[in-house]
Amino acid sequence: ESPLQKFTDGNAIPQLGYGVWQVEDDVAEKVVAAAFKAGYRHIDTAMIYGNEAGVGRAIAASGLPREELFITTKLWNGDQGYEETLAAFDASLERLGLDYVDLYLIHWLTPKAGKYVETWKALVELQKSGRVKSIGVSNFTVETLREIEEATGVVPAIHQVETHPYFPQAELREYEAAKGIVHESWSPLGNNSDLLGESALAAVAEKHGATPAQAVIAWHLAKGNVVIPKSVTPERIVQNWESLGVTLDADDIAAIDALDKGAEGRIGGDPAEADYR
Ligand code: A2P
């Protein structure tokens with residue numbers, strides 16, 4: 001069983017989850033079933049992944065009690081705006097075949113559209129309706145986290161953003177910690193960069209009889225990050241889950257911390273700039 005991270009709204013999220021970015025709908029159904037079998041109960045999808053329906057079919061087929069699951073989906077950029085958000089949420093819920101989701105996130109800040117404050121107000125409304133247990137954001141900045149709080153008085157439960165040893169997000173994590181915002185890592189394994197081939201990682205992994213991917217996941221867990229490694233490979237789905245059995249010491253964490261590349265370490269888009277439609 002995964003440890004939990006507590007939200008300021010009273011709910012909690014399993015710290016190790018399973019992400020399905022870049023997984024086709026029919027494949028999602030199979031790999032989510034494999035993830036449930038491995039032990040995962042927290043699944044992270046998004047409207048733009050195009051696999052909410054496949055995730056929903058896997059949930060229905062699992063026979064697992066709904067309250068044991070933690071399901072996240074996200075509002076796509078083109079659906080930002082108050083009314084648009086309410087409508088997009090209904091459509092996501094319907095594709096998932098659920099009557100509530102555990103967590104709904106604004107997928108990207110999308111600064112040029114200038115709609116993230118009204119969009120956040122819609123999420124606050126959705127949480128009040130009970131069809132979303134917790135609300136958060138993805139790919140925001142310290143400044144805009146502050147801005148949506150100031151506009152509504154509501155602090156996001158969680159912030160999901162690119163985070164891995166090459167790009168550990170120290171400054172952002174400090175702000176979040178002060179606000180009680182849980183930090184969630186996307187592309188936690190560095191998304192097929194050179195990360196998993198680093199010799200420093202091999203050394204930590206070997207010391208624990210683990211793989212480099214397990215060492216990285218254990219590093220996220222030790223930092224308190226919620227982590228959602230993606231894999232469509234059955235052995236890796238299990239291997240990543242078994243990272244829960246790897247406990248790093250302070251030396252291991254320092255060795256992995258030393259892989260930080262600063263601004264150069266970013267692999268995906270910069271939230272302050274990205275305007276994907
Ligand atoms: P695959 O899905 O083919 O198994 P991230 O979560 O950082 O974006 O990384 C996802 C990538 O890492 C995917 O391409 C996935 O490949 C690969 N991956 C996932 N788990 C492991 C693992 N345990 N060892 C090596 N590569 C992995």
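Every read-out reported here was derived from the displayed coordinates using simple, explicitly stated rules and does not represent laboratory data. Because the structure is a prediction, the values reported are computed rather than measured. Here the Cβ is made from the backbone with ideal geometry for all residues, glycine too, and neighbour counts use every protein chain on show.
Starting from one equal scatterer on each C-alpha and no solvent at all, send me the Debye-based log10 I(q)/I(0) for region 1-156 at q = 0.09, 0.19, 0.20 Å⁻¹, two decimals.
Taking Cα atoms of region 1-156 as identical point scatterers yields -0.27, -1.19, -1.29.
If you count the DSSP beta bridges with both ends in region 96-201, what percent of them are antiparallel, to the nearest 5?
For region 96-201, the DSSP antiparallel bridge percentage is about 10.
When the Cα atoms of the chain are enclosed in a convex hull and the volume is divided per residue, what value in Å³ results?
Given the Cα convex hull of the chain, per-residue volume reads 115 Å³.
Using a Förster distance of 35 Å, how high is the FRET efficiency between residue 260 and residue 66, based on the Cβ-Cβ distance and rounded to 0.05?
For residue 260 and residue 66, the calculated efficiency is 0.30.
Which lysines, on any chain, are close to residue 112 with Cα under 16 Å apart, when same-chain ones fewer than 8 places away are left out?
Correct list for residue 112: empty, as no lysines qualify.
Quickly work out the residue 38-to-residue 203 label distance, labels modelled 7 Å from Cα along the C-beta direction, and quote it in nm with one decimal.
Going by the 7 Å Cα→Cβ label model, 2.8 nm.
Which three numbers, in whole Å and largest first, are the semi-axes of the equivalent ellipsoid of region 160-204 derived from its Cα gyration tensor as √(5λ)?
24, 11, 7
In a shell of Cβ-Cβ distance under 11 Å around residue 103, excluding residue 103 itself, what net charge do Lys and Arg (+1) and Asp and Glu (-1) give?
Computed value for this residue: -2.
Can you give me the Rg/Rh ratio for region 37-79, using Cα atoms for both radii and the Kirkwood formula for Rh?
With Rg and the Kirkwood Rh in hand, the quotient comes to 1.01.
Whole-Hz ³J(HN,Hα) for each residue in region 224-230, computed from phi via Karplus 6.51 cos²θ - 1.76 cosθ + 1.60 with θ = phi - 60°, x for glycine and proline: what do you get?
My calculation for region 224-230 gives x, 5, 7, 9, 10, x, 9 Hz in order.
Could you give the length gained by full extension between residue 179 and residue 113, i.e. 0.36 nm per residue of separation minus their alpha carbon distance, to one decimal place?
Here the answer is 21.1 nm.
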